[in-house]
Amino acid sequence: MTSGMRTVVIAGGTGALGGAVARAFLANGDRVVVTFVMQDEYDVLRKDAPNAAALSGVKLDATDESAVAQFTANTEKQFGAIDALVITIGRYKSGKNLWETDTATFDQMMNGNLRAAFILARAVLPGMIRNNRGAIVNIASKSGYGHSPTVALYSASKAGALALFDSVADEVKPYNINVNSVVPSIMDTPANRRAMPNANFGIWPKTEDVAKVILFLCSDDARVIHGAAVPVYGKT
């Protein structure tokens, strides 16, 4: 993939990390399509984004298979191809042991962290295969490696996503498509600062720095990196 006017879809591209990723690709000269749930978040991104003329957004429930299929078809029709997909969508809930956790939480974690990733990749990959080019980066989590008390369901969903994209990477080896995951731990976001007000924010990776890694993984310079789970948790 070249660094020209590519079309990059960033699912969840108005959140703390997603917004940083969107700004990084826009600054790189790419066309960016973000999916979002909250209109006000998209409005803020559009106001502050570099090269905002190359930014568009679609309100989308990424767990809705038919909606994602229609979104993908519309995007391919409008721009010709989807060159890269970055999945920054995620759900998080913690604070209870497994035996104290209800099935509604199970559904939330699996839908937000695994089902959405599956549906998005499944929709976008056929077009990438036809064009014999593309890149997919999924946002995993250090919790996906386990040893995370009171977040067992979140950990399980992220472990599932790691396994999913590791397998997809093998499936697309005949094509010029790179598939990787990045693995953050605690990032410096407003939500994390509110949740842990007494923490040392200075050691938390900045979302802008994680976005640079994602931008690199979608570049020609990273063509030899495939099927990787890249740790981006710095010194935390």
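The values are calculated or read from the model by the stated rules, or taken from the named source; none is laboratory data. Owing to the predicted nature of the structure, the values given are computational and were not obtained by experimental measurement. Every residue, glycine as well, gets a Cβ built from its backbone with ideal geometry; the counts of neighbours run over all protein chains shown.
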Restricting to segment 71-121, give me the number of residues that are over 27 Å from Ala156 (Cβ atoms) and not aliphatic (A, V, I, L, M). 10
Does at least one position in segment 205-221 carry a residue that is more than 25 Å from Leu120 (Cβ to Cβ) and touching a Pro at 6+ places or on another chain (Cβ under 8 Å)? no
Residues of segment 146-205 satisfying the condition of being in a helix (DSSP H, G or I), of a type in the set (Lys, Arg) and either modelled with pLDDT of 95 or more or under 29 Å from Ile225 (Cβ atoms) (or both): Lys158
Which numbered condition trips up Arg6, out of (1) in contact (Cβ under 8 Å) with a residue 40 or more places away in the chain; (2) within 24 Å of Arg115 (Cβ to Cβ); (3) of a type in the set (Lys, Arg)? (2)
Does Thr75 satisfy being among the polar types (S, T, N, Q) and surrounded by fewer than 15 Cβ atoms within 10 Å (Cβ to Cβ)? no
On the given criteria, is Asp170 among the acidic types (Asp, Glu) and under 17 Å from Ala16 (Cβ atoms)? no
Residue in segment 219-236 that is surrounded by the most Cβ atoms within 10 Å (Cβ to Cβ), counting only those that are of a type in the set (Gly, Ala, Ser) and outside any loop (DSSP other than H, G, I, E, B): Ala222
Tally up the residues in segment 140-165 that are touching a residue at least 24 places away in the same chain (Cβ under 8 Å), over 21 Å from Leu17 (Cβ atoms) and surrounded by fewer than 19 Cβ atoms within 10 Å (Cβ to Cβ), please. 2
I'd like to verify a number: residues in segment 177-191 that are more than 23 Å from Leu98 (Cβ to Cβ) and surrounded by 15 or more Cβ atoms within 10 Å (Cβ to Cβ), how many? 10
May I ask you to verify whether Val168 is within 16 Å of the chain's Cα centre (by Cα) and within 22 Å of Asp220 (Cβ to Cβ)? yes
Exactly one of Ala27, Ala62, Ala73, Ala69 is within 19 Å of the chain's Cα centre (by Cα) and closer than 23 Å to Asn176 by Cα, and that one is Ala69
Among residues of segment 206-218, those that are out of contact with any Lys or Arg (no Cβ under 9 Å at 6 or more places or on another chain) and assigned to a helix (DSSP H, G or I), counted: 9
